[in-house]
Structure formats: structure tokens, C-alpha cells
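For reference, the structure discussed in these notes is given below.
The values are calculated or read from the model by the stated rules, or taken from the named source; none is laboratory data. Keep in mind that this is a model prediction, so the values were computed, not measured. Reconstructed Cβ throughout: ideal geometry from the backbone, glycine too, with neighbour counts over all protein chains shown.
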Amino acid sequence: MDWTHVPTVFLALVFTAGNLQAQDNERRVAISEPGNFSTVTNPFRVCMEAYGLIVEPTDGDPHEGRGHHHVLFSSLPKDLNRPLRRKEAIHLSEGQHCVTLKMEPGKHVIIALFSYGNHVPYNPPISDRILVTVRDPGRP
């Protein structure tokens, strides 16, 4: 066996492992339930996962790398430098990861948006979005 390539292979493995670890530490959120393009019936759960972030109850203060989830519909707010209002988002202020929704039948965009403890979103936004179809349970 030719051992002259062992250092190159070893370095390649170390480099790859370093890249995987960097990706694992990336700050992001993902909607884990329901799946994108799912068809759901009321009521249904929306669950979010956070990566590289600590989800905690709201305390009114902005702590870097910490915060809580919000659920929005259709689009992100235009001004990411102000707190989200109660009317424009569902606030998961207790540090929850899931919320149960009941929506009109049809297609809907659901957005997860991570924010500091003072309800101000991270900027650039840490968010995910899915499209769901809510089916009328009385129709096939």
C-alpha cells in the first residue's frame, strides 16, 4: 500500500469535519411540522426548531444568540428594527416550539421568525417559510 497519500486524505477528512461543524453552528430556524406543501385539516400544529440559538421565554431584553419564535403569515415585516406587534404575529413568548392553528381553507404561507427577548427580530432575519393547504374537513 502506498502511504504517501495518507496525510492528504487525513487533511481532507479534518477539513470536511470542520465544515460540518461550522454548518451545525449556523444560526437558523426550520419549520419541522407540517412539511412544506402539506395538506392539513383544522386544527393543526406548527412546530419550529432552532439551530445555533437558544430558545427561552421572553424577558424583555435582547440577548445575543437567544430569543423566541414567532409565527407570521404571508410576509416578513418591512421594519425589522422594531418589536413585532401582537396583531402581526403569534408570539411564542414562553419559549414554546409549537403552536396549534385553525385557519380558513385554502393555501397559506406560514413563516417562522426568530426574535430577541424584546420581540425585535434578528436582522438579517432568521426565518423559514412553508406553504400549506388547509382542507375543509367536509370536502374530499
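Sub-9 Å Cβ pairs linking a first residue in the stretch 67-81 that is within 13 Å of S115 (Cβ to Cβ) and in contact (Cβ under 8 Å) with a residue 40 or more places away in the chain to a second residue that is aromatic (F, W, Y) and surrounded by 11 or more Cβ atoms within 10 Å (Cβ to Cβ), at least 6 apart or interchain, are G67/F114; G67/Y116; G67/Y122; H68/F114; H68/Y116; H69/F114; H70/F114; L80/Y122, ordered by first then second residue. In the stretch 48-73, the residue that is nearest to the chain's Cα centre (by Cα) out of those that are among the acidic types (D, E) and farther than 27 Å from M103 by Cβ is E56. Starting from the stretch 45-59, keep only residues that are at positive phi, then list their pairs with residues that are in a strand (DSSP E or B) whose Cβ atoms are within a distance under 8 Å, requiring at least 6 positions of separation or different chains. As it stands, the answer is G52/R28, since those pairs meet every condition given. Residues in the stretch 90-138 that are among the acidic types (D, E), modelled with pLDDT of 95 or more and over 15 Å from I31 (Cα atoms): E94, E104.
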